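Please read the structure below before turning to the comments.
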Amino acid sequence: MSTVLVSVCQALVNIFFSARFRVEGDSMLPSLSHGQSVFVVRTRFKWNRLRRGDVAAFQRPGGIYIKRVVGLPGEDIRIAGGQVYLNGVAMAEAYTQGVAGEEEKEWFNGPDEYFLLGDNRVDSNDSRAFGPVSDELIRGRAWFRCWPPSKWRLINRNAPIGL
């Protein structure tokens, strides 16, 4: 009987609180590779609110995107020479691969918006192209890589030091 109860509870959690999404492309290298899957838990609960460094899944025209949270609601984000600045302070990002030397641009997140970037900055369609993402479009926070089984691991926040 206890096995049935555990299975029912697990099914309810999966239906109401989580989902699995497949990584498409190489925009999250070196953290996540094409074809891998992540387990995502919805962010509508206080215990799972998005913080800087989290990996999030969100809806865009054409599908689900998986990117890293760089800017939080109400923050000013500027990118110059491949360096990300939050409210004027340079951000240290140990998880990135490649530096895109695009022209200087600046964005301001509204009260319910996040700035999301791929870890592979040279090969990522992200907030640099389409701007901040409304929290209404965010499907959840990625907690662990669940496919392939040989690559199972928790997804580290790797929040930049000092931010």
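The values are calculated or read from the model by the stated rules, or taken from the named source; none is laboratory data. This is a predicted model, so every value here is computed, not measured. In this analysis, Cβ positions are derived from the backbone assuming ideal geometry, glycine residues included, and neighbour counts consider all displayed protein chains. Quick note on the areas: whole protein, heavy atoms, side chains included, nothing else; ligands and nucleic acids left out. Shrake-Rupley method; radii C 1.70, N 1.55, O 1.52, S 1.80 Å.
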(request) Output the residue which, of all residues in the stretch 128-139 that are touching a Leu at 6+ places or on another chain (Cβ under 9 Å) and under 23 Å from F39 (Cβ atoms), is least open to solvent (accessible area, probe 1.4 Å). (result) V133
(message) Against the conditions (1) open to solvent by 40 Å² or more (accessible area, probe 1.4 Å); (2) of a type in the set (A, V, I, L, M, F, W, C); (3) touching a Gly at 6+ places or on another chain (Cβ under 6 Å), where does I77 fall short? Just the number, please.
(response) (1)
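Every residue, every condition in (1) out of contact with any Leu (no Cβ under 8 Å at 6 or more places or on another chain); (2) modelled with pLDDT of 90 or more; (3) closer than 17 Å to K67 by Cα, yes or no:
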| site | (1), (2), (3) |
| --- | --- |
| M91 | no, no, yes |
| A100 | yes, no, yes |
| E103 | yes, no, no |
| F108 | yes, yes, no |
| L117 | yes, yes, yes |
| R141 | no, yes, yes |
| P148 | yes, no, no |
| K151 | yes, no, no |
(request) With the checklist (1) open to solvent by less than 50 Å² (accessible area, probe 1.4 Å); (2) in contact with a helix residue (DSSP H, G or I) (Cβ under 9 Å, 6 or more places away or on another chain); (3) not aliphatic (A, V, I, L, M) in hand, flag the one item R60 doesn't pass. (result) (1)
(message) For the structure I just gave you, tell me whether L29 is under 21 Å from A142 (Cβ atoms), open to solvent by 20 Å² or more (accessible area, probe 1.4 Å) and of a type in the set (A, V, I, L, M, F, W, C).
(response) yes
(request) Kindly establish whether R44 is more than 15 Å from D119 (Cα to Cα), touching a residue at least 24 places away in the same chain (Cβ under 8 Å) and more than 12 Å from the chain's Cα centre (by Cα). (result) no
